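Have a look at the structure below, then the notes.
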Amino acid sequence: MRQTSGAQEWAHAESAGPVPQRDFEGLFGNVLRPEGAFAAGLREVGYDPEQPRERYPLAVWREALEVARRHAHPGLSAPLAYRALGRQFVQGFGQTVVGKVFAAAAPLIGAERVLARLPAYLRAGRDDMRLELRALGPGRWQAQVEDPQPLPDFVAGVIEEVLGLTGVAPLVQLLVQGERHYTLAVSWAPETGAS
């Protein structure tokens, strides 16, 4: 959704799932640091890194991720680029005060408990998205996600990076994708330390 689309479209998109500025700042301000054509592309889709707003429509977030995919990872396929952006999103969060505390605590908390808390963490950034987790066994989970604009590879990258902070080497695979939902298989070798 472009800024020139009209006030009614902005108002509709704003009510359809606003994304807080901190999500943009974590990825773009802390990690990607867009300049030149990259920054211009972000402004074109409604995000100006130099004049941030408190919240953005979901469509602006999605379009900003597409701009980032093209500029930050031009040599990767779309799924691999979005997965890389998901990992970078967590890395950007890790540069905040809360993120530093989380990163220090994650190995002590353990992968199982960190993953179990992930739905609450995601809701803090996207209250229109729902994540349900089901434990299938030690180091084996299934994640079902309801999302008005699904981007499963980005979320897979987020999960990979979050679990990596606990000291495990996760594998996240897309099992099913529908128009407004998807299912991910999440696994890792059983932990030998805290869980």
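Values in this text are rule-based calculations from the coordinates and carry no lab data. Remember, it's a predicted structure, so these values are computed and weren't measured experimentally. Because the Cβ atoms are built from the backbone with ideal geometry, glycine has one as well, and the counts that use them run over all protein chains shown.
In this simple spin-label approximation, E146 and L108 carry label points 7 Å from Cα along the Cα→Cβ vector, and these lie 3.6 nm apart. Sparse packing (at most 15 other Cβ atoms within 10 Å of the Cβ) combined with a DSSP loop state is found for none of the GluC sites (Glu not before Pro) in the range 89-170. Here the spin labels are modelled as points 7 Å beyond Cα on the Cα-Cβ line, and at E179 and L136 they lie 2.7 nm apart. Largest GNM mean-square fluctuation among L175, L115, L27, using the chain with Cα springs under 10 Å: L175.
Here is the list for the range 17-50: GluC sites (Glu not before Pro) lying in DSSP coil, each with at most 15 other C-beta atoms within 10 angstrom of its C-beta, are E35, E50.
Under a model in which nothing but the beta-carbon of Lys, Arg (+1) and Asp, Glu (-1) is charged, the chain shows a dipole of about 360 debye around its Cα centre.
Lys and Arg at +1, Asp and Glu at -1: add these up for the other residues within a Cβ distance under 11 Å of A39 and post the number. Charge balance in the 11 Å sphere: -2. Measuring nothing but how far apart in sequence close Cα pairs (under 8 Å, 6+ apart) lie, relative to its length, the chain scores a relative contact order of 21 percent.
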